[in-house]
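Everything below concerns the one structure shown next.
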Amino acid sequence: MTQSFVKSLTSVRSWSDNLFISGGNPHLISRFCGVALGSTTISNMVSKPLHDSLGHLLSSFVIGSSVIYVHIDYITYILFLPYLFQTSLAFAKCLEDQQSFLIQFKNNLTFHPENSTKLILWNKSIACCKCNWSGVTCDNEGYVIGLDLSEESISGGFNESSILFNLLHLKELNLAHNYLNSSIRLSISQLTRLVTLDLSSYVDTKPKIPNLQKFIQNLTNIRQMYLDGISITSRGHEWSNALLPLRDLQKLSMSDCDLSGPLDSSLTRLENLTVIVLGENNFSSPVPQTFANFKNLTTLNLRKCGLIGTFPQNIFQIKSHESLHSIILRNTIFFGTRPHTIGNMTNLFLLDLSHCQLYGTFPNSLSNLTHLTDLRLSHNDLYGSIPSYLFTLPSLERISLASNQFSKFDEFINVSSNVMEFLDLSSNNLSGPFPTSLFQFRSLFFLDLSSNRLNGSMQLDELLELRNLTDLTLSYNNISIIENDASVDQTAFPKLQTLYLASCNLQTFPRFLKNQSTLGYLNLSANQIQGVVPNWIWKLKSLSLLDISYNFLTELEGSLQNITSNLILIDLHNNQLQGSVSVFPESIECLDYSTNNFSGIPHDIGNYLSSTNFLSLSNNSLQGSIPHSLCKASNLLVLDLSFNNILGTISPCLITMTSILEALNLRNNNLNGSIPDTFPTSCVVNFHANLLHGPIPKSLSHCSSLKVLDIGSNQIVGGFPCFLKHIPTLSVLVLRNNRLHGSIECSHSLENKPWKMIQIVDIALNNFNGKIPEKYFMTWERMMHDENDSISDFIYSMGKNFYSYYQDSVTVSNKAIDFSSNHFEGPIPELLMKFKAIHVLNFSNNVFSGEIPSTIENLKQLESLDLSNNSLIPTGTQLQSFEASSFEGNDGLYGPSLNVTLYGKGPDKLHSEPTCEKLDCSIDWNFLSVELGFVFGLGIIITPLLFWKKWRVSYWKLVDKILCWIFRRMYFEYATDRGQTYRILRW
């Protein structure tokens with residue numbers, strides 16, 4: 001009798017009459033915390049390596065992401081019980097010198113006692129190898145043969161003379177999951193009796209093995225070797241050949257080791273290999289055909305290691321297909337159809353081909369995999385229908401088909417006895433009525449159907465069928481969720497941990513939520529919920545994330561200071577909340593109040609933000625000044641007060657806070673005064689569209705990691721901020737529509753400073769003048785390269801448990817230069833024609849002269865070009881191919897393909913159009929005649945305005961100029977639509 005099952009690492013699940021093993025280091029099959037058979041549990045710590053006597057018993061031990069698979073012969077287990085007790089009695093007292101070695105070894109280690117569960121118990125007054133010396137195993141003669149110090153927070157490393165290398169009888173050494181940050185010593189090769197070695201590391205600064213061949217040259221007895229996360233940095237043939245002396249090697253795990261390819265076929269000479277884990281390296285090669293020759297292979301994990309070529313069909317024809325239990329090839333760049341020979345692996349437990357660029361319909365051969373427990377085909381291009389047989393496979397517990405192109409279900413049959421626990425079909429094109437047949441899967445604890453095209457309705461009462469359900473996501477379909485019947489027992493609903501019902505046409509807060517004491521994540525955004533947010537929602541004691549944005553909520557019920565939940569993130573943006581901003585207890589880390597109707601900020605709001613990282617109050621109707629108490633929010637990373645009516649000056653303490661803040665966004669308010677010159681060493685600045693005046697603060701030069709500076713549409717004075725050339729990280733510079741003047745040339749020492757990251761420079765609508773030298777653009781490297789760079793001026797991530805949450809209103813994916821409406825003169829720099837990645841180039845309304853470089857045809861990515869109102873001559877076949885009518889409205893443009901005298905003007909009479917905001921703007925008397933004609937003969941003038949396009953355009957240009965000159969906050973922007981560029985007046 002053979003039993004199969006899945007054990008989740010994050011939850012304890014057992015089935016009666018089934019054998020399962022839990023706990024211990026997942027790498028080493030020699031240690032287990034508990035063994036259960038029916039209702040009998042035998043707890044024991046087995047530290048001695050289990051070799052031949054258990055090899056056949058645990059031959060199917062597999063690891064796949066968060067799931068452990070065990071396939072154990074039931075009768076063999078009964079024979080195994082005496083071995084457990086025999087092993088427990090084999091713990092002998094270790095020899096005196098062995099104990100002395102261990103004490104010295106401990107004293108030379110650096111570790112944190114508060115995190116230790118093994119070393120902290122080592123005491124020289126107590127004999128080692130007993131239960132008080134956890135992690136130590138001795139043989140019958142008293143020699144230390146096993147040392148397990150995994151997860152002991154050991155930091156640093158040990159030198160060549162470490163006492164560890166005196167333990168010559170060691171057979172098992174486990175130092176996994178510590179903080180070894182130096183080179184792994186070659187002296188480990190002195191431990192020639194090692195059978196199991198685990199040095200797996202998951203720290204940012206990887207330990208290194210400088211020479212793999214020397215490291216393992218004497219370890220010829222090794223059967224299990226785990227070096228995950230150790231930097232080895234050698235090419236395919238080098239590290240493969242270095243392993244060849246390990247003839248007895250059975251389990252090899254070297255994921256994330258900086259190995260490079262190609263994968264070498266010599267690896268197949270290690271004929272005893274049963275487990276191969278080489279994921280997260282960079283092989284950039286196909287899988288060798290010889291990999292089909294592994295006769296004993298049970299697990300193959302080549303995830304995310306740069307595999308290329310067509311899908312290796314021969315993998316599914318491996319001679320050992322009867323023993324192959326786990327295949328993990330996710331995150332590869334294969335191209336081609338799905339493997340049609342996959343049905344040959346009849347004993348397969350785990351198949352992970354997600355993120356493999358596979359296309360085609362669902363492989364019918366999967367119906368042969370009657371032992372399959374976990375199927376992962378997400379993030380491919382599979383299409384067609386999802387076959388019904390998939391849900392009848394007797395052992396299948398997990399299905400992940402997310403992010404494909406599946407369009408429908410096959411007709412469901414009776415699957416009420418199905419063992420399905422995890423079903424993810426999100427982000428497909430599934431259409432038709434909501435599949436209520438899914439509620440037959442009574443064992444489901446995870447169901448995700450989000451981001452499809454399902455329609456119809458679903459009664460919340462139907463959730464009563466899924467008593468084990470903990471995670472439900474139905475967001476972003478066309479379905480309507482109907483509130484449950486009030487007469488139904490609200491406590492009978494499954495105890496959910498995650499509920500996402502965004503965009504499900506909900507009208508009210510579901511009443512059954514009141515009793516969801518285990519609910520941690522709740523998303524009811526983009527629904528039609530109106531009115532008051534009930535106070536009971538703040539009392540769900542496990543709730544940590546609440547998103548009820550994009551509804552029609554107007555009020556928060558009751559006091560928010562006595563809430564009993566563990567809320568960390570609250571998203572209330574895009575509602576109709578009004579009045580003064582409500583304050584929450586200090587535990588809130590992320591609070592989004594943006595796009596509501598709030599009118600005031602409590603003066604003491606900062607007293608309630610001691611734990612807050614993110615606060616957005618943008619797009620409200622806030623008035624008054626910025627509360628000084630905000631400066632007390634010492635953990636604040638993002639503060640967004642943009643698009644309000646806030647008055648007053650910017651407090652110097654806010655500027656000082658930018659040493660902590662990742663983003664300070666005050667754009668589009670009515671702030672006045674000068675910008676405090678107190679910027680610290682790091683800062684993010686967006687003060688666009690206020691009434692700020694004075695010079696640009698020179699302390700900005702302290703911001704060595706500044707990426708975005710936007711102080712456009714203010715009243716800033718002074719010259720070009722050459723001190724910004726000290727900041728190589730600057731990506732976006734917006735100084736438009738201010739009162740800056742003078743040359744933009746900097747001193748020779750600053751001119752060559754690299755602006756390698758710059759991709760948007762907007763200094764339009766100022767009074768800059770002079771020539772632009774070629775060398776000015778020499779260091780703008782990002783403009784020259786065609787990579788698809790994309791940045792956002794303010795991006796905030798709440799960490800692994802949340803999502804990238806905030807970004808500014810403009811995500812910068814374009815590359816643009818706008819020098820328009822200044823007084824620049826001379827030729828257009830030829831170097832600009834090397835900016836192959838530029839999308840927008842605007843030099844209009846200046847005094848540039850000479851020829852437009854013919855190499856402008858090199859700008860393949862260019863979407864908008866405006867050189868109008870200069871004295872330029874178009875050259876090159878690209879520009880001269882246009883008819884003269886294409887240049888109408890650009891009186892300053894002349895040359896081939898245009899008339900010799902355009903609109904009655906020759907080149908000697910051409911001049912640039914003065915910028916609209918300068919006090920010395922001259923007025924064209926032709927335009928003035930329109931105004932005089934209005935006074936003396938309305939009929940004579942209005943008629944041409946109505947029927948003569950040129951007069952009408954000229955008239956409104958003049959009106960725009962006058963408005964822009966009178967109202968200093970108005971400015972011009974250029975927009976492109978269907979290949980045409982338009983000038984737009986904005987406030």
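The values are calculated or read from the model by the stated rules, or taken from the named source; none is laboratory data. Since the model is a prediction, treat every value here as computed from it, not as a measurement. For neighbour counting, all protein chains shown are included, and Cβ atoms are generated from backbone atoms with ideal geometry for every residue, glycine included. Calculation scope for accessible area: heavy atoms of the full protein, side chains included, ligands and nucleic acids excluded. Shrake-Rupley method; radii C 1.70, N 1.55, O 1.52, S 1.80 Å.
Here is a yes/no grid of residues against (1) within 19 Å of residue 276 (Cβ to Cβ); (2) part of a loop (DSSP other than H, G, I, E, B):
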site: 165; (1), (2): no, no
site: 177; (1), (2): no, yes
site: 188; (1), (2): no, no
site: 197; (1), (2): yes, no
site: 206; (1), (2): no, yes
site: 221; (1), (2): no, yes
site: 229; (1), (2): yes, yes
site: 234; (1), (2): yes, yes
site: 238; (1), (2): yes, no
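Can you spot a residue in the stretch 783-790 that is at pLDDT 85 or above and either more than 27 Å from residue 637 (Cα to Cα) or not hydroxyl-bearing (Ser, Thr, Tyr) (or both)?
Checking the stretch 783-790: at least one residue is at pLDDT 85 or above and either more than 27 Å from residue 637 (Cα to Cα) or not hydroxyl-bearing (Ser, Thr, Tyr) (or both).
For the stretch 579-599, name all the residues that are assigned to a loop (DSSP other than H, G, I, E, B) and hydroxyl-bearing (Ser, Thr, Tyr).
582, 587, 593, 594, 595
Residue under question is residue 153, and the condition is that it be open to solvent by 10 Å² or more (accessible area, probe 1.4 Å), at pLDDT 85 or above, under 25 Å from residue 229 (Cα atoms) and in contact with a helix residue (DSSP H, G or I) (Cβ under 6 Å, 6 or more places away or on another chain); does it hold?
Yes, satisfied.
Which condition does residue 532 not pass, out of (1) under 29 Å from residue 630 (Cβ atoms); (2) touching a Phe, Trp or Tyr at 6+ places or on another chain (Cβ under 8 Å); (3) surrounded by fewer than 19 Cβ atoms within 10 Å (Cβ to Cβ), if it passes all the others?
(2)
Take the residues in the stretch 730-746 that are outside any strand (DSSP E or B) and out of contact with any strand residue (DSSP E or B) (no Cβ under 6 Å at 6 or more places or on another chain), then tell me which one is nearest to residue 717 (Cα to Cα).
Ranking the qualifying residues of the stretch 730-746, first place goes to 735.
Scan the stretch 241-269 residue by residue and report those that are part of a loop (DSSP other than H, G, I, E, B) and modelled with pLDDT under 90.
Residues satisfying the conditions are 261, 262, 263, 264.
Take residues that are open to solvent by 10 Å² or more (accessible area, probe 1.4 Å) and tell me which of the strands (runs of 3 or more DSSP E) falling wholly in the stretch 617-676 contain 1 or more.
672-674
Restricting to the stretch 677-702, give me the number of residues that are outside any loop (DSSP other than H, G, I, E, B) and touching a helix residue (DSSP H, G or I) at 6+ places or on another chain (Cβ under 8 Å).
4
Looking at residue 268, is it among the polar types (S, T, N, Q), out of contact with any helix residue (DSSP H, G or I) (no Cβ under 7 Å at 6 or more places or on another chain) and touching a residue at least 12 places away in the same chain (Cβ under 8 Å)?
It is false that residue 268 is among the polar types (S, T, N, Q), out of contact with any helix residue (DSSP H, G or I) (no Cβ under 7 Å at 6 or more places or on another chain) and touching a residue at least 12 places away in the same chain (Cβ under 8 Å).
So, in the stretch 137-156, how many residues would count as being under 15 Å from residue 101 (Cα atoms), small (Gly, Ala, Ser) and part of a strand (DSSP E or B)?
1
Name the residues in the stretch 195-248 that are touching a Phe, Trp or Tyr at 6+ places or on another chain (Cβ under 7 Å) and surrounded by fewer than 20 Cβ atoms within 10 Å (Cβ to Cβ), would you?
Once the filter is applied, which keeps residues that are touching a Phe, Trp or Tyr at 6+ places or on another chain (Cβ under 7 Å) and surrounded by fewer than 20 Cβ atoms within 10 Å (Cβ to Cβ), the stretch 195-248 yields only 203.
Take the stretch 677-714 and flag every residue that is farther than 23 Å from residue 741 by Cβ, touching a strand residue (DSSP E or B) at 6+ places or on another chain (Cβ under 7 Å) and either among the acidic types (Asp, Glu) or open to solvent by less than 10 Å² (accessible area, probe 1.4 Å) (or both).
If the condition is that a residue be farther than 23 Å from residue 741 by Cβ, touching a strand residue (DSSP E or B) at 6+ places or on another chain (Cβ under 7 Å) and either among the acidic types (Asp, Glu) or open to solvent by less than 10 Å² (accessible area, probe 1.4 Å) (or both), then 686, 708 are the ones that fit.
Would you tally the residues in the stretch 539-550 being open to solvent by 10 Å² or more (accessible area, probe 1.4 Å) and in a loop (DSSP other than H, G, I, E, B)?
Qualifying residue count for the region: 4.
Only residues that are more than 17 Å from residue 618 (Cα to Cα), open to solvent by 20 Å² or more (accessible area, probe 1.4 Å) and not aliphatic (A, V, I, L, M): list them for the stretch 555-594, please.
Listed by number, the residues that qualify are 555, 557, 558, 559, 561, 562, 564, 566, 585, 586, 587, 589.
Among residues belonging to the stretch 283-321 that are in contact with a Gly (Cβ under 7 Å, 6 or more places away or on another chain) and modelled with pLDDT under 80, point out the one that is farthest from residue 348 (Cα to Cα).
Across the stretch 283-321, the extreme among qualifying residues is 310.
With the requirement that a residue be part of a helix (DSSP H, G or I) and either in contact (Cβ under 8 Å) with a residue 40 or more places away in the chain or surrounded by fewer than 17 Cβ atoms within 10 Å (Cβ to Cβ) (or both), what does the stretch 819-862 give you?
Passing the criteria: 830, 831, 832, 834, 854, 855, 857, 858.
Okay, residues lined up against (1) of a type in the set (Ser, Thr, Tyr); (2) under 20 Å from residue 537 (Cβ atoms); (3) part of a helix (DSSP H, G or I); (4) modelled with pLDDT of 95 or more:
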| residue | (1), (2), (3), (4) |
| --- | --- |
| 428 | no, no, no, yes |
| 450 | yes, no, no, yes |
| 454 | no, no, no, yes |
| 464 | no, no, yes, no |
| 472 | no, yes, no, yes |
| 475 | yes, yes, no, yes |
| 496 | no, yes, no, yes |
| 502 | no, yes, no, yes |
| 506 | no, yes, no, yes |
